[in-house]
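The values are calculated or read from the model by the stated rules, or taken from the named source; none is laboratory data. None of these values were measured; they are calculated from a predicted model. When we count neighbours, we look across all protein chains shown, and the Cβ atoms used for this are built from the backbone with ideal geometry, even at glycine. Ligands, DNA and RNA are stripped out before the accessible areas are found, and what is left, the full protein with its side chains, is counted by its heavy atoms. Shrake-Rupley method; radii C 1.70, N 1.55, O 1.52, S 1.80 Å.
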Amino acid sequence: MNLASRLKQSWRMLTMVFALIAIWIIFQWVTDGAFLQPRNLSNLFRQMTVTGTLAIGMVLIIVAGHIDLSVGSVVCFLGVILTMLMQKGWSAESALMVTLVSGIAISAVQGWLTAFQKVPAFIVTLAGMMIFRGASMGVTEGVTIPLEDSWIKTFGSAYLGQEAGWVLTFVAIVIFASLRVQKYRNSVAHGVSTSGFGSTLAMIVAFSSGVLLFNSTMSRYEGIPYPVLLMIVIMVAFHFIATKTVFGRHVYAVGGSVEAAHLSGVNVRKIVLGNFLLMGLLTTIGAMILTARVESAQPDAGQLLELDAVASCVIGGTSLMGGKGTIYGAILGALVMESLNNGMSLANLESFWQYIVKGVVLVAAVWLDVVSQKSSR
Amino acid sequence: MVAQQLLELHDIVKEFPGVKALDGVRFDVLSGEVHALCGENGAGKSTLMKIISGLYPYGSYSGELKVNGTSRKFLSIKDSQSAGVAIVFQELSLVKELTVAENIFLGREPSLFGIIQTTEVLMRTSALLKDLGFHMDPSQKVGDLGIGQQQMVEIAKALALDAKILILDEPTSALSDTEIEVFLETIRRLKKRGVGCVLITHKLNEVFAIADRITVFRDGKSVTTYNAKDVDEHKVIADMVGRELTDMYPRVSRTIGGPVLAVHDLTVPHPTVPGKNLLEHVSFTVRKGEILGIAGLMGSGRTEILMSIFGALHGPRTGSIELEGQSLAFASPQEAINHGFALVSEDRKRLGLVLEDSVSRNIALASLKRVARFGVVDDSNENKIANDYIDALRIKTPNSASQVKNLSGGNQQKVVLAKWMLTKPKVLFLDEPTRGIDVGARAEIYKIVNDMAAKGVAVVMVSSELPEVLGLSDRVIVMCGGRVTGEFSRDEATQERIMAAATRFS
Ligand SMILES: Nc1ncnc2c1ncn2[C@@H]1O[C@H](COP(=O)(O)OP(=O)(O)OP(=O)(O)O)[C@@H](O)[C@H]1O
Ligand SMILES: [Mg+2]
């Protein structure tokens with residue numbers, strides 16, 4: 001990537017980070033210092049995990065030029081399957097296995113209809129949204145199903161111990177630093193243009209301080225929550241898929257121009273189907289985390305989750321026209337959305353305000369994007 | 001080395017609803033030769049190439065396709081690629097959001113366990129570009145490149161395949177003369193390596209510069225195949241159009257009136273590079289009934305002049321623009337159109353046509369006020385008008401309701417022309433108006449442009465084809481590095497003078 005577009009991209013991420021910091025400062029002030037308490041931040045990160053996990057998959061789907069509106073309902077439906085099976089005496093492992101298979105099957109059908117039968121994803125998944133909400137209500141008969149005791153609850157409210165947290169932080173820093181140095185060496189060896197060792201060093205320092213700050217804040221409460229750890233692992237894995245694999249490259253190509261991708265020999269339908277299958281996996285994980293957090297499955301769980309996920313992507317710079325978007329951006333977007341939720345609840349703002357404010361932020365983010373793009377044309 | 005037969009096609013028939021695009025075609029390619037394919041727009045050249053490359057799968061056509069003597073049934077592009085066929089499509093097929101390197105390796109990324117070897121991609125791209133003599137940054141986004149450079153990426157992409165059979169469907173239509181030289185040199189090198197090349201182009205000088213054999217298509221049939229040594233341009237043209245073409249650039253006497261468009265000191269800063277200007281102190285006038293040619297190399301700012309005046313460039317600009325003595329500054333193309341401007345743009349896919357829409361709707365799009373009554377579009381009127389233009393410009397289409405995307409490239413260009421002619425403009429901007437257009441149609445377009453000028457339209461034409469600039473213009477200005485570096489009257493203008501001015505970097 002050349003300097004101009006790289007600058008443009010990191011500029012986008014930087015404004016996001018600054019916007020987030022601004023939001024945090026405002027809430028800190030409005031809530032008389034309650035917002036930035038380690039306890040609240042820990043909560044905040046825990047709350048964003050479901051939206052964040054779904055947003056990760058949503059980025060790829062949107063980048064390929066589609067959308068998945070069914071994830072909220074499917075998360076709910078999968079939660080119902082999980083809890084009901086365990087209630088019937090199934091072990092956590094086998095119940096989760098069946099849930100995963102169901103999640104993949106649902107997304108496979110939706111992906112097949114979209115990719116192979118050419119029914120627009122908007123319609124397919126809008127239908128899915130209705131069908132699985134209905135199914136959840138029917139199967140539960142409107143009542144809450146409690147989650148039996150099992151290791152699954154770890155992903156609701158358990159925390160990684162302090163020592164483990166520090167060890168992980170240290171390992172992450174070492175891995176990151178060695179990867180960066182390796183990359184720098186590579187580019188020097190191959191004479192591919194680089195911006196000197198300074199920027200490599202700066203990135204390592206920035207990353208390290210970020211991770212250290214995160215971990216020390218978390219350990220001033222109970223430690224890193226397991227669901228947050230899980231989300232981070234998924235985020236890194238999907239960032240890798242999106243940027244380093246053939247599959248990921250093809251997703252961006254399909255979204256950028258179906259025609260060109262097709263003419264280049266890319267199997268467009270398989271790519272789209274693959275996207276949906278990944279989304280099925282993430283929906284299952286999202287269902288597991290949500291069920292574990294509320295320790296039950298409820299027929300109205302996960303409502304509007306799909307829109308939160310889409311909004312996170314879009315705030316994070318994903319273009320609904322396809323071809324553009326990053327995993328990290330989406331996570332940042334999810335963090336913005338959840339900060340708004342959390343901060344406004346903390347400030348005892350009535351819930352109608354929360355909707356209004358979230359809507360305004362969504363439009364503002366995209367508007368800024370459009371304006372900044374126009375001026376650089 | 002004895003040339004062996006790499007590719008053979010027999011009795012190929014391909015029908016689309018309403019058209020028989022290919023009607024019993026035979027064609028072959030030998031190793032180490034360039035086989036040029038000539039024919040009018042819509043003759044079926046691209047269709048045949050799409051069959052060879054597997055884009056139209058086996059079963060959608062009839063006839064036989066043999067590679068290296070064995071009969072093949074390609075079902076997809078992947079099949080033909082693995083049989084050693086590479087193709088540069090007529091219409092650009094690149095992903096704008098991806099980089100040069102990523103595009104070149106799209107669909108065949110070197111990978112280990114599904115992970116792309118990024119450094120390898122970059123290094124192989126650099127090596128390839130260097131080998132080809134193309135100067136560009138492998139990590140630049142394709143969307144940020146000009147159309148000429150994009151076409152070079154497209155060529156590099158095909159060459160990266162190491163193919164035995166290389167198909168080039170109008171590869172040079174957006175290249176500058178120097179780029180074309182580099183390109184032809186590359187083809188000569190590939191020839192020596194034994195690659196068999198199919199070259200489709202409407203530029204006959206290229207054909208005679210490089211082809212060993214020439215096949216002429218007319219109306220979906222292969223008419224004749226010559227050894228290039230044995231024929232000349234006139235014979236090929238006569239075979240293509242089925243008649244003799246005498247004078248490409250008839251001199252029409254026109255009365256030139258007073259100034260219509262006067263541009264003074266137009267300066268447009270570069271949108272991303274501070275301190276650099278796309279245009280610097282550009283001044284010129286065009287009079288009523290005059291054709292002003294703008295010559296210059298690719299990237300010299302010719303297109304930007306038109307776009308800037310037309311209100312299609314965002315961002316600041318200084319200087320004055322006067323239309324019939326009135327000072328104007330268009331903020332949008334719509335304003336420009338309302339004031340009697342028309343722009344036939346060089347990238348018809350992006351800027352000129354709604355591909356999914358029908359021929360008649362595209363023609364009417366910029367003049368709906370004329371076609372509609374009380375805001376309601378009068379369909380039959382629209383059709384009648386469209387049919388008039390289809391006849392006048394000899395647009396080859398089953399009917400006016402056919403989708404534009406199904407027309408051959410050259411006929412799409414004629415639709416763009418028709419669309420703007422219908423707006424009855426005072427000032428007509430033409431940007432590479434004959435890109436991808438066959439000789440016969442070219443002569444027709446020149447006649448149309450001449451006629452429009454004779455009716456009092458002020459025409460500004462940007463073109464990379466010097467004969468066209470010289471043959472058509474009353475006056476020529478030459479651009480270099482965003483400035484006007486030369487101005488010549490019709491009698492003063494020569495190829496040498498224009499080229500000298502076009503390379504006068506100051
Ligand atoms: N997908 C399609 N559907 C219907 N008709 C088509 C389609 N593709 C091409 N045609 C028609 O087939 C004929 C041959 O088109 P083709 O694109 O092969 O011409 P060409 O020789 O490449 O012309 P050009 O020089 O303008 O590129 C044209 O009449 C065109 O309208
Ligand atoms: Mg063609």
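So the values come out like this:
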{"quantity": "Within the stretch B:472-485, tally of residues that are open to solvent by less than 10 Å² (accessible area, probe 1.4 Å) and farther than 15 Å from B:MET298 by Cα", "calculated": "3"}
{"quantity": "Where a residue in the stretch B:44-63 is touching a residue at least 60 places away in the same chain (Cβ under 8 Å) and its partner, wherever it lies, is part of a loop (DSSP other than H, G, I, E, B) and away from ligand 1 (no atom under 13 Å from the Cβ), with Cβ under 9 Å and at least six apart", "calculated": "B:ILE52/B:PHE74; B:SER53/B:PHE74"}
{"quantity": "In the stretch B:448-471, the residues that are charged (D, E, K, R) and either part of a loop (DSSP other than H, G, I, E, B) or open to solvent by less than 10 Å² (accessible area, probe 1.4 Å) (or both)", "calculated": "B:LYS455, B:GLU465, B:GLU468"}
{"quantity": "Qualifying residue in the stretch B:193-202 (condition: part of a loop (DSSP other than H, G, I, E, B), without any contact (Cβ under 8 Å) to a residue 40 or more places away in the chain and within 16 Å of ligand 2 (Cβ to nearest atom))", "calculated": "no"}
{"quantity": "The listed residue being assigned by TED's automatic domain parsing to the domain that holds B:SER308 and within 27 Å of B:ARG361 (Cβ to Cβ), out of B:ASP474, B:ASP431, B:ASP451", "calculated": "B:ASP431"}
{"quantity": "Top-ranked residue in the stretch B:114-135 [being buried (at least 17 other Cβ atoms within 10 Å of the Cβ) and not β-branched (Val, Ile, Thr); ranked as nearest to the other protein chains (Cβ to nearest Cβ)]", "calculated": "B:LEU122"}
{"quantity": "Test result for B:VAL252, surrounded by 20 or more Cβ atoms within 10 Å (Cβ to Cβ) and either out of contact with any Phe, Trp or Tyr (no Cβ under 6 Å at 6 or more places or on another chain) or free of Cβ contacts under 8 Å to residues at least 12 places away in the same chain (or both)", "calculated": "no"}
{"quantity": "Condition broken by B:ASP28, with the remaining ones in (1) within 16 Å of ligand 2 (Cβ to nearest atom); (2) open to solvent by 10 Å² or more (accessible area, probe 1.4 Å) satisfied", "calculated": "(1)"}
{"quantity": "Subset of the stretch B:74-113 [within 16 Å of ligand 2 (Cβ to nearest atom), open to solvent by less than 20 Å² (accessible area, probe 1.4 Å) and more than 8 Å from chain A (Cβ to nearest Cβ)]", "calculated": "B:VAL88"}
{"quantity": "Answer from B:GLU322, B:GLU280, B:GLU304 - the residue that is in a helix (DSSP H, G or I) and among the charged types (D, E, K, R)", "calculated": "B:GLU304"}
{"quantity": "Selection from the stretch B:185-233 of residues that are farther than 26 Å from B:GLY24 by Cα, under 21 Å from the mean Cα position of the chain (by Cα) and crowded, with 17+ Cβ neighbours inside 10 Å", "calculated": "B:THR186, B:ILE187, B:GLU206, B:ILE210"}
{"quantity": "Matching option when the condition is away from chain A (no Cβ under 14 Å), under 30 Å from B:GLU280 (Cβ atoms) and not β-branched (Val, Ile, Thr), among B:GLY315, B:GLY375, B:GLY311, B:GLY352", "calculated": "B:GLY352"}
{"quantity": "Those helices (runs of 4 or more DSSP H) lying entirely in the stretch A:64-163 with at least 2 residues open to solvent by 60 Å² or more (accessible area, probe 1.4 Å)", "calculated": "A:92-115, A:121-140"}
{"quantity": "Long-range neighbours under 9 Å by Cβ, at least six apart or interchain, first residue without any contact (Cβ under 8 Å) to a residue 60 or more places away in the chain within the stretch A:170-189, second surrounded by 14 or more Cβ atoms within 10 Å (Cβ to Cβ) and of a type in the set (Phe, Trp, Tyr)", "calculated": "A:ALA172/A:PHE207; A:ILE173/A:PHE207; A:PHE176/A:PHE207; A:ALA177/A:PHE207; A:ARG180/A:PHE207"}
{"quantity": "Hits in the stretch B:31-58 - residues which are among the hydrophobic types (A, V, I, L, M, F, W, C), within 16 Å of ligand 2 (Cβ to nearest atom) and under 18 Å from B:CYS197 (Cβ atoms)", "calculated": "B:ALA36, B:LEU37, B:CYS38, B:LEU48, B:MET49, B:ILE51, B:ILE52"}
{"quantity": "Hits in the stretch B:79-102 - residues which are within 16 Å of ligand 1 (Cβ to nearest atom) and in contact with a strand residue (DSSP E or B) (Cβ under 7 Å, 6 or more places away or on another chain)", "calculated": "B:ILE87, B:VAL88, B:PHE89, B:GLN90"}
{"quantity": "Qualifying residue in the stretch A:198-218 (condition: within 14 Å of chain B (Cβ to nearest Cβ) and at pLDDT 90 or above)", "calculated": "no"}
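Condition check ((1) polar (S, T, N, Q); (2) at pLDDT below 95; (3) in contact with a His (Cβ under 7 Å, 6 or more places away or on another chain)) across all residues:
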| position | (1), (2), (3) |
| --- | --- |
| A:ILE26 | no, yes, no |
| A:ALA34 | no, yes, no |
| A:ASN43 | yes, yes, no |
| A:VAL101 | no, no, no |
| A:GLY111 | no, no, no |
